[in-house]
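Okay, structure first, notes after.
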Amino acid sequence: MKQLVELISGDTLEITLEPVTRMDLIKYSGASGDFNPIHTIDEEAEKVGLPGIIAHGMWTMGNLAKLFTPYYEQGFIQDYRIRFAGMVFINDVITLKAEIIESTDEYSDFDVKAINQDGKVVIKGAVRFVKK
Amino acid sequence: MFKDLVGKRSRKVKNVVERGLVKRFAESIGDSHPIYIDEVIGKQSRYGQNIAPPTFPRTFDFGKVEGLNLPNKGLIHGEQIYHYNRPLLVGEEINCYTEVKDYYDKTGKNGLMGFLVTKRYGEDLDGNLIFTEESIVIINEAVREALKA
């Protein structure tokens, strides 16, 4: 594994997740305390006009941050901003990506996003990883 | 109706970064890294302790802003923004509160939408800021009508 400080502009971190399951979302509901039923119960999702249950936006945002977890000895995520752009459904295959934009001695800035199996962006934003 | 609440804050609520919950939360986002879970790795780390994932504040109680009554259905989470001065440490106690930052209307392709901006704060027991968490929640016309009724 490269040290984060060795990454240069244009380098990317990337992970593709296993297909999303209902159990993933049940576990996230329990761990986060967000029991909005559109994330776990089909009928409740359909009632609000969705074709089926959708992932919590925060589940995807939580997942995306793990691209940076291996680098905790070099620093930490100081800023993490996400715009929720699209929905994630059961069986979707989500790929998490971070592309380095700028790096100094003090920090590295990344563009981050999660895309589905059709290449559609479901969340996107930015991370500033500080080295202090 | 939300405009009147801008600037209002909740009272501070004490929370604990619970070891068991950090483990369960990390698992639920597929991020069971030893820095969150393994006590020995935590002790040896530059933080001297296990830390919590950056989106962990989702689990905290930030108290309630008086008069802010949002339905738990029909809201769209638009944006989420974290800022950290340092990571959260497993086992530490923090004081949390929330503030209504802004409210504005926009007319888009789905009609009149309301944008509610709230910001949450986590401080150590000496009052030093550890993190902030800002959310933008979009409220559609149907929900606004239902709230007026």
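The values are calculated or read from the model by the stated rules, or taken from the named source; none is laboratory data. Since this is a predicted model, take the numbers as computed values, not measurements. FYI the Cβ positions are ideal-geometry reconstructions off the backbone, even for glycines, and counts take in every protein chain you see.
Computed quantities for the displayed model
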quantity	calculated
Search result, residues across region B:33-80 that are assigned to a loop (DSSP other than H, G, I, E, B), more than 16 Å from the chain's Cα centre (by Cα), facing chain A (nearest Cβ under 10 Å) and surrounded by 15 or more Cβ atoms within 10 Å (Cβ to Cβ)	B:His33, B:Ser45, B:Tyr47, B:Gly74
Residues within region B:33-90 that are among the charged types (D, E, K, R) and under 30 Å from B:Lys101 (Cα atoms), tallied	7
Residue list for region A:21-70, filter: in contact (Cβ under 8 Å) with a residue 60 or more places away in the chain, surrounded by 21 or more Cβ atoms within 10 Å (Cβ to Cβ) and not aliphatic (A, V, I, L, M)	A:Gly57, A:Thr60, A:Phe68
Qualifying residues in region A:34-47 (those that are touching a helix residue (DSSP H, G or I) at 6+ places or on another chain (Cβ under 6 Å) and in a loop (DSSP other than H, G, I, E, B)) - the one modelled with the highest pLDDT	A:Thr40
Whichever residue in region B:81-104 is assigned to a loop (DSSP other than H, G, I, E, B) and within 14 Å of chain A (Cβ to nearest Cβ) and, among such residues, is surrounded by the fewest Cβ atoms within 10 Å (Cβ to Cβ)	B:Asn85
Selection count where residues are on the phi > 0 side of the Ramachandran plot and at pLDDT 90 or above, scope region B:94-149	1
Residues that are part of a helix (DSSP H, G or I) and more than 8 Å from every other protein chain (Cβ to nearest Cβ), drawn from region B:18-32	B:Arg19, B:Gly20, B:Val22, B:Lys23, B:Ala26
Leading residue by the ranking (farthest from the chain's Cα centre (by Cα)) among those in region A:88-121 that are more than 18 Å from A:Asn63 (Cβ to Cβ) and of a type in the set (S, T, N, Q)	A:Thr104
